[in-house]
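Beneath this line is the structure, given in structure tokens, with notes to follow.
Readers should treat all values here as calculations from the given coordinates under stated rules, not as data from a laboratory. Worth saying up front: this structure is predicted, and the values here are computed from it rather than measured. Cβ coordinates were reconstructed from backbone atoms using ideal geometry, including for glycine residues, and neighbour counts include every protein chain displayed.
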Amino acid sequence: MAAGWATYDARIDHPGWVPWAVRESITRHRDRMLKPGDPVDGRRIVVFTEQGLGDTIMFARYLPLLAARGAHVTLACPPVLAPIMARMAGIETLLTPPADHPDGKLNLSAVAFDAFVPLMSLPHVFGTTEATIPAEIPYLRADPARVAEWRARYEAAGRPGHRRVGSCSRPTHPRGTPPNGPWAWATWHGSRGWPGSIW
């Protein structure tokens, strides 16, 4: 696994890599990318997301580990994820594009920082093994007001207590739908028959 994480960092210099930061600013500050063994205590670490929304949600579990080691964590992410990331432990500053420019990306040259790291490089920084994958659950927490709103909707529909199941069949991807395409309906539609569930 360690060799895989190290090799995965090769994406950073690949022309097809699509991070949530301006590529030119990453190249300019490449020597300040956080590496395994680098100190983080008291340092300003800028983390930016990459790839799909689900990747960000999955790898966000590493952000509290940075803060626990004394880092001052700034996260740059798409605005659609800001509400849930704002409730996450360990993030001191959350950066998102303005509402009138939602596809804008972070310019590292415009912020004060000691080191930066792409979110999906954090497993490499922490030397993650199968035994050390962060597993503190939940590491994300929904807004209680929105939870109450959705609970009221289900109760109004006359189905309180049912299991609510959501599915994403067309994942977000920086270059559109991945080559394998969205999940075929036939591969999972049978699960809609689960007793006591609402899709």
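For the peptides 136-148, 33-45, the ranking by packing is 33-45, 136-148, with the highest mean count of neighbouring Cβ atoms within 10 Å listed first. Using the Cβ atoms and a cut-off under 13 Å, what net charge is assigned to the surroundings of LEU122, where Lys and Arg are +1 and Asp and Glu are -1? With Lys, Arg at +1 and Asp, Glu at -1, the net is -1. Give, in nm to one decimal, the length gained when the segment between HIS14 and ARG141 is fully stretched (0.36 nm per residue of separation minus the Cα-Cα distance). In short, 42.3 nm is gained. Taking the DSSP bridge list for segment 2-125 and keeping only pairs wholly inside it, about 5 percent are antiparallel. Here the calculated FRET efficiency for ASP100 and LYS35, from their Cβ-Cβ distance with R0 = 45 Å, stands at 0.80, rounded to the nearest 0.05. Extension gain for the segment SER109 to ALA89, taken as residue separation times 0.36 nm less the Cα-Cα distance, is 4.6 nm to one decimal.
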